[in-house]
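**Student:** Please read through the structure below; I'll follow up with questions.
Every read-out reported here was derived from the displayed coordinates using simple, explicitly stated rules and does not represent laboratory data. Bear in mind the structure is a predicted one, so any value in this text is a computation, not a measurement. Positions of Cβ are generated from backbone atoms using ideal geometry, with glycine treated the same way; all protein chains shown enter the neighbour counts.
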Amino acid sequence: MKKTVFTILVIILSNLNCFAQFKNYQIRNEKVNCETSLSDISILKIDEVALDRALFKSNEDSLSMSSELTSFLIGKVAKIPEYITQYLQKRKLKFTANYEAKNTLTFTSSKKCLPKLTFERYFFKRNKEKERALSLVLQPELVQEDKYLAFKVHSLSYNFSKAKLKKKASRINLLVELTLVYAKNTKEPNILEKTESKSAAIIIPASLRDESQDISIINTKFSDVFIAENILEISLKITEINPYKLKLEDLESFLITNKEDLSGLFGELSKLLK
């Protein structure tokens with residue numbers, strides 16, 4: 001028992017320094033592949049899309065701790081040691097990741113001239129080769145009797161996740177958040193003031209087993225609505241969340257909730273380590 005507890009502590013401590021987000025994961029042939037990268041880059045391309053239909057006339061303008069379960073016994077204590085808490089927090093971080101990009105419109109947006117968004121993430125391997133990890137295209141559409149602009153998920157090519165994968169947990173929830181920046185009317189003609197409009201996240205369930213995603217699922221996803229006219233800039237942020245992260249949060253919650261019932265356990269384990 002003493003040897004087992006000592007081994008558990010070594011596993012925990014050795015993992016504390018291994019959480020740098022320089023790994024990219026995919027699943028091929030029922031195996032989790034991991035590509036180590038030196039860096040990555042996200043790009044947002046904004047294209048001009050002309051509306052080729054008549055507008056609706058209106059009066060208005062206008063996201064198993066497998067080997068870690070061996071540390072479960074030590075975790076169930078009245079006073080959780082600092083390294084255990086740190087371990088759980090950093091472990092959860094491995095199963096999430098985020099990246100973003102922004103760009104400026106080179107044209108004047110209107111209800112007849114809308115922005116189409118193409119978001120791409122690349123990473124650079126150790127041999128300096130560039131690999132595309134994700135490509136997401138959001139198509140603009142006028143909604144609610146052509147009063148407002150919304151973005152619809154048109155296509156998603158998903159090759160690598162930055163969030164850690166498990167073979168039995170190959171799905172990732174992508175949370176896509178949009179921020180549109182507009183020019184604000186001012187009395188001073190030479191002063192530019194800006195105002196922002198943010199959307200709630202579009203949640204896209206995606207799989208790393210195949211690069212191409214199920215169109216019938218992702219094409220039902222719309223953003224919140226925006227004003228179409230006079231958009232200056234657009235930024236897009238993607239957060240990857242592996243549902244496995246929820247198991248880690250459940251474990252952490254269990255430890256905190258039950259620590260009074262487990263008050264004597266840490267003392268007994270301490271005796272074994274002596």
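**Student:** Taking 0.36 nm per residue of sequence separation and subtracting the Cα-Cα distance, how much length would be gained by fully extending the chain between Asn98 and Lys112, in nm to one decimal?
**Tutor:** Additional length available on full extension: 1.8 nm.
**Student:** Return the distance in nm (one decimal) between the two label points of a simple spin-label model at Arg171 and Asn33, each offset 7 Å from Cα along Cα→Cβ.
**Tutor:** It works out to 2.3 nm between the two label points.
**Student:** Now a separate question. Given points 7 Å out from each Cα along the Cα-Cβ axis, report the Thr220 to Asp47 separation in nanometres with one decimal.
**Tutor:** Roughly 2.7 nm, to one decimal.
**Student:** Let me ask you something else. How far, in nm, would the chain grow between Glu229 and Ser212 when pulled straight, counting 0.36 nm per residue and subtracting the alpha carbon separation?
**Tutor:** The span from Glu229 to Ser212 would gain 2.8 nm if fully extended.
**Student:** Moving to a separate point now. Could you tell me the distance between the Cα centroids of segment 207-239 and segment 148-162, to the nearest Å?
**Tutor:** 4
**Student:** Suppose R0 equals 22 Å; then what is the FRET efficiency for Glu145 and Lys194 from their Cβ-Cβ distance, rounded to the nearest 0.05?
**Tutor:** After rounding to 0.05, the efficiency reads 0.20.
**Student:** Relative contact order for segment 150-211: what is it in percent, counting Cα pairs under 8 Å that are at least 6 residues apart?
**Tutor:** Working: 74 pairs, mean separation 26.7, N = 62.
Across segment 150-211, relative contact order equals 43 percent.
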